[in-house]
1. Tell me, which residue of segment 118-137 that is within 18 Å of residue 26 (Cβ to Cβ) and out of contact with any helix residue (DSSP H, G or I) (no Cβ under 9 Å at 6 or more places or on another chain) is surrounded by the fewest Cβ atoms within 10 Å (Cβ to Cβ)?
2. Name the residue, out of 136, 131, 144, that is at pLDDT 90 or above and closer than 18 Å to residue 2 by Cβ.
3. Which of the residues belonging to segment 121-135 are touching a strand residue (DSSP E or B) at 6+ places or on another chain (Cβ under 6 Å) and part of a helix (DSSP H, G or I)?
4. Would you tally the residues in segment 52-84 being under 26 Å from residue 177 (Cβ atoms) and not in a loop (DSSP other than H, G, I, E, B)?
5. Being in contact with a strand residue (DSSP E or B) (Cβ under 8 Å, 6 or more places away or on another chain) and on the phi > 0 side of the Ramachandran plot is true for just one of 41, 87. Which residue is that?
6. Examine segment 59-73 for a residue that is in contact (Cβ under 8 Å) with a residue 12 or more places away in the chain, more than 30 Å from residue 143 (Cβ to Cβ) and surrounded by fewer than 17 Cβ atoms within 10 Å (Cβ to Cβ), and state whether such a residue exists.
7. Would it be correct to say that residue 5 is farther than 30 Å from residue 179 by Cα and in contact with a helix residue (DSSP H, G or I) (Cβ under 7 Å, 6 or more places away or on another chain)?
8. Would you mention how many residues in segment 85-117 are in a loop (DSSP other than H, G, I, E, B) and either more than 14 Å from the chain's Cα centre (by Cα) or surrounded by 12 or more Cβ atoms within 10 Å (Cβ to Cβ) (or both)?
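The values are calculated or read from the model by the stated rules, or taken from the named source; none is laboratory data. As the structure is a computational prediction, the values presented were derived from the model and not from experiment. Don't worry about glycine lacking a Cβ; one is built from the backbone with ideal geometry, like all the others, and counts go over all protein chains shown.
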């Protein structure tokens with residue numbers, strides 16, 4: 001988890017302060033307060049869990065059961081949404097590592113910001129010096145090593161171990177969470193995991209009101225629906241109006257003389 005090296009604020013004078021609102025290491029490392037609070041402005045899941053237990057004990061938030069659960073759900077949805085574009089050429093042997101960026105709101109909901117096809121692998125902290133080499137090594141074990149065995153011939157090469165706390169060296173840190181070859185997309189959206197004041201129901205294309213606030217005011221939603229229904233019943237313009245519209249459009253498309 002990446003943190004900022006400046007105190008968070010939504011005041012007008014701090015809206016453009018990138019050291020407050022952007023936690024990218026490429027940005028934070030230029031701040032004079034960089035690393036003053038955490039090594040590399042980063043927290044492990046265990047460290048963040050300890051912080052939550054101290055600061056928000058009443059919330060009973062579990063990083064692994066609540067936050068990581070939401071991460072996996074969003075990752076599944078994103079992969080299935082681009083299912084036809086991933087390995088579009090149907091190559092037999094290929095793999096790619098994606099970098100997912102999430103943000104946590106004040107209600108401890110997790111939101112997907114972006115997906116990077118070329119994620120940063122900079123070893124900018126002791127935490128990443130431990131995790132990234134092991135992550136890459138384990139990725140190669142389930143991809144390259146299946147095709148090109150590390151122990152070929154009569155020679156037995158010594159395999160380097162990348163130790164990570166609370167993980168056995170024989171355990172692969174990668175976890176299979178979905179199969180893109182599945183024909184049925186059955187990833188249910190668990191609304192019980194959402195604590196925010198609104199819930200977006202994508203399947204029904206509606207915004208459901210949970211507490212007080214709603215993204216789009218109710219009147220505007222009704223107006224939009226009525227307008228949509230009326231537009232279906234509008235009579236088609238006659239041919240003369242169509243020709244006039246075509247002539248106007250052609251004139252608008254002509255480049256202006258300089």
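1. Initial filter on segment 118-137 (within 18 Å of residue 26 (Cβ to Cβ)): 118-125, 127-129, 132.
Retained after the next criterion (residues that are out of contact with any helix residue (DSSP H, G or I) (no Cβ under 9 Å at 6 or more places or on another chain)): 118-119, 129, 132.
On the way: 118: 9, 119: 13, 129: 14, 132: 17.
Within segment 118-137, the match that is surrounded by the fewest Cβ atoms within 10 Å (Cβ to Cβ) is 118.
2. 131
3. Kept after step one, since they are touching a strand residue (DSSP E or B) at 6+ places or on another chain (Cβ under 6 Å), are these residues of segment 121-135: 125, 127.
Residue satisfying the conditions is 127 alone.
4. Total satisfying the criteria: 21.
5. On the way: 87 fails: in contact with a strand residue (DSSP E or B) (Cβ under 8 Å, 6 or more places away or on another chain).
One residue alone meets the criteria, 41.
6. To start, the set of residues in segment 59-73 that are in contact (Cβ under 8 Å) with a residue 12 or more places away in the chain comprises 59, 61-64, 66-73.
Now narrow it down to the ones that are more than 30 Å from residue 143 (Cβ to Cβ): 59, 61-62, 66.
This time we only want the ones that are surrounded by fewer than 17 Cβ atoms within 10 Å (Cβ to Cβ), so: 59, 62.
Within segment 59-73, one or more residues are in contact (Cβ under 8 Å) with a residue 12 or more places away in the chain, more than 30 Å from residue 143 (Cβ to Cβ) and surrounded by fewer than 17 Cβ atoms within 10 Å (Cβ to Cβ).
7. Numbers: farther than 30 Å from residue 179 by Cα: yes; in contact with a helix residue (DSSP H, G or I) (Cβ under 7 Å, 6 or more places away or on another chain): yes.
Taking the combined requirement at face value, the residue satisfies it.
8. Let us first name the residues in segment 85-117 that are in a loop (DSSP other than H, G, I, E, B), namely 85-98, 105-109, 117.
From the residues that got through so far, the ones that are either more than 14 Å from the chain's Cα centre (by Cα) or surrounded by 12 or more Cβ atoms within 10 Å (Cβ to Cβ) (or both) too are 85-98, 106-109.
Of the residues in that region, 18 qualify.
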